[in-house]
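The values are calculated or read from the model by the stated rules, or taken from the named source; none is laboratory data. Nothing here was measured: the structure is a model prediction, and the numbers come from that model. Here the Cβ is made from the backbone with ideal geometry for all residues, glycine too, and neighbour counts use every protein chain on show.
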Amino acid sequence: MPGSLFTPDPVLVFRKTVRASGRQQPVIIAGIAFLSPGDLRHTCMPKQSTSTHVYLASLGCARNQIDSELMLGLLRKSGAAVVDDPAHADAIVVNTCSFIEAAADESIETILQLARYKQTGACRRLIVTGCLPQRYREEIVDAIPEVDLFLGTGAFDRIVEAVSGALGGSRCMLPDPDTLPVAGAQAPRVRSAAAMAYVKIAEGCSRHCTYCIIPSLRGSQKSRLPADIVTEAQQLLKAGVKELVLVSQDTTAYGQDRNDAADLARLLESLALLTAEGQDRCPPNAPHPFWVRFLYGHPESISDSVIQTVAKHTNLCKYFDIPIQHAADGVLKKMGRRYKRDDLRRLIDRIRALVPGAVVRTTVIVGFPGETEKDFQTLLRFAEEMRFDHLGCFTYSDAEDLASHRLSDPVPTAVADERLDVLMYRQAGISAGINRRYVGESLPVLVEKQLNGGLYECRTAFQAPEVDGVTRVRAESLQTGCFHRVRITEAQTYDLIGVPE
């Protein structure tokens, strides 16, 4: 059983407050927030209608967000209406994350908060989906009796039956996630943002990092058909999307599980050559028709062909997200990562040599079992040497179902927390210095939303959604969901300030 999360007394263990450390994965609570503007009139139905009214809370990463959008698409296709207030929902769905302990805690807290609407609101069914039931399995049933049905990661396609109450038998449905087919190009989907869309290009992971539970939760890697991905991307562009963000558990390994010639370089080439039809609502002089970026690369599977393809096309963001996890060779070996520090240095140097102006983002783990002070100093020096444009850090999260749990010499929590603070303090200085270089430059930005009367939240090509800083632009009027060119006037630690050109 993973850690001590489940005990006979759910009150003592489950009813935890949400940790406010800021180190966990982003959270999206989605009702109407999951609708693009064109969807509102179709799915936001008045409460007096006879349709089933559904509220969905989506927790965790971008890949979870896609699963939530696909479930909402199936529900809407079945005739259900999505509401933005859980008090008005006949059914509440919580799509959970349990990758680390803080994420599991947050999932549990969200479930318990929304369970109150079974007494105070219209809710008749509370359904929990995703990684939390997949990880903790049948023991979760007794631990959270407020929930009517649990669906694992292999049962997303049963959400309509779950909401309608048509699934009988056990309260916990956990089919093998490897049996769930990857989504096709025509899968119904309710998008959460108008200008940007995540595109999942593969499901699962075939690596065996000792600290990671993902292969158990999601199965082995299953890459989608290239034609399906390209078709979906073209449909999104036609709907007005300006940025396509490719995601999977191991994005740069795309196609390696297939028997054809599919790989990430060929996929990026195909996407870069698409046309941005139906986007005439934006200014005719917009600096870009659309952007494509990919997240969650792996150092072992980033090929020269991928790097060269990114360098070749102006609408492929010169942005490389490569979670290295650590830089001390001994720690990397214990993590099950099959590369060394010198391999990382060569890879990053090669990217910067082949792609002028390339931006490199990474994430690392501190406090891994056996990490010595010397190991941490090695990581610290490497971060300072490489000067990553963006760096995120997590403290190691232990659980009994992880291979790393069996390693000796655990690092005390206080030590791990201190190492995180030291690393992020150094990275803040690096980030501020990098941002200062942009002052005075003219940069294209994607305008995402208006914050107040004269301030807009935007992103440059080197700022990925949700994980990086933003560019705030002071302007009388900017069209959201479109590209504009701005001059950077001020640099902050993680954000930029600019004005329209």
Output yes when any residue across the range 171-187 is out of contact with any strand residue (DSSP E or B) (no Cβ under 9 Å at 6 or more places or on another chain) and either among the polar types (S, T, N, Q) or buried (at least 22 other Cβ atoms within 10 Å of the Cβ) (or both), and no when none is. yes
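Which residue is surrounded by the fewest Cβ atoms within 10 Å (Cβ to Cβ), if the candidates are limited to the range 201-255 and must be among the basic types (K, R) and either more than 20 Å from T153 (Cβ to Cβ) or out of contact with any helix residue (DSSP H, G or I) (no Cβ under 9 Å at 6 or more places or on another chain) (or both)? Let's see the steps before the verdict.
Filtering the range 201-255 down to residues among the basic types (K, R) leaves 207, 218, 222, 224, 238, 242.
After this cut, where a residue has to be either more than 20 Å from T153 (Cβ to Cβ) or out of contact with any helix residue (DSSP H, G or I) (no Cβ under 9 Å at 6 or more places or on another chain) (or both) as well, the list is 238, 242.
Values: K238: 14, K242: 24.
Restricting to residues being among the basic types (K, R) and either more than 20 Å from T153 (Cβ to Cβ) or out of contact with any helix residue (DSSP H, G or I) (no Cβ under 9 Å at 6 or more places or on another chain) (or both), the top hit is K238.
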Among residues of the range 333-365 being in contact with a strand residue (DSSP E or B) (Cβ under 9 Å, 6 or more places away or on another chain) and free of Cβ contacts under 8 Å to residues at least 40 places away in the same chain, the residue surrounded by the most Cβ atoms within 10 Å (Cβ to Cβ) is I348
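Table: residues versus (1) among the charged types (D, E, K, R); (2) modelled with pLDDT under 95; (3) closer than 19 Å to S431 by Cβ.
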residue	(1), (2), (3)
V331	no, no, no
K340	yes, no, no
R345	yes, no, no
D349	yes, no, no
A353	no, no, no
V360	no, no, yes
I365	no, no, no
E371	yes, no, no
F376	no, no, no
Answer with yes or no whether I159 is buried (at least 20 other Cβ atoms within 10 Å of the Cβ), at pLDDT below 95 and aliphatic (A, V, I, L, M). no
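Looking only at residues in the range 92-109 that are closer than 12 Å to A57 by Cβ and not acidic (D, E), which one is nearest to the chain's Cα centre (by Cα)? Before you say what the answer is, go through the steps one by one.
Initially, the range 92-109 is screened for residues closer than 12 Å to A57 by Cβ, giving 92-97, 106-107, 109.
From what's left, not acidic (D, E): 92-97, 107.
Values: I92: 22, V93: 19, V94: 16, N95: 13, T96: 13, C97: 11, S107: 16 Å.
Restricting to residues being closer than 12 Å to A57 by Cβ and not acidic (D, E), the top hit is C97.
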Keeping to the range 387-437, report how many residues are buried (at least 19 other Cβ atoms within 10 Å of the Cβ) and among the hydroxyl-bearing types (S, T, Y). 5
Report whether or not R338 is among the basic types (K, R), more than 19 Å from C393 (Cα to Cα) and within 19 Å of the chain's Cα centre (by Cα). no
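Results for (1) farther than 23 Å from P356 by Cβ; (2) buried (at least 18 other Cβ atoms within 10 Å of the Cβ); (3) within 21 Å of the chain's Cα centre (by Cα); (4) modelled with pLDDT under 80, shown as yes or no for each residue.
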{"site": "A276", "(1), (2), (3), (4)": "yes, yes, no, yes"}
{"site": "P289", "(1), (2), (3), (4)": "no, no, no, no"}
{"site": "G297", "(1), (2), (3), (4)": "no, yes, yes, no"}
{"site": "S303", "(1), (2), (3), (4)": "no, no, no, no"}
{"site": "T309", "(1), (2), (3), (4)": "no, yes, no, no"}
Among the residues of the range 393-407, is any over 26 Å from the mean Cα position of the chain (by Cα) and touching a residue at least 12 places away in the same chain (Cβ under 8 Å)? yes
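Among what's in the range 412-454 and is touching a helix residue (DSSP H, G or I) at 6+ places or on another chain (Cβ under 8 Å) and among the β-branched types (V, I, T), pick the residue that is farthest from E476 (Cα to Cα). Lay out the reasoning, then the answer.
Filtering the range 412-454 for residues touching a helix residue (DSSP H, G or I) at 6+ places or on another chain (Cβ under 8 Å) gives 419, 422-423, 426-427, 430.
Narrowing further to those that are among the β-branched types (V, I, T): 422, 430.
Values: V422: 41, I430: 33 Å.
The selected residue is V422.
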Within the range 442-494, strands (runs of 3 or more DSSP E) holding 2 or more residues that are among the basic types (K, R): 471-474, 483-491
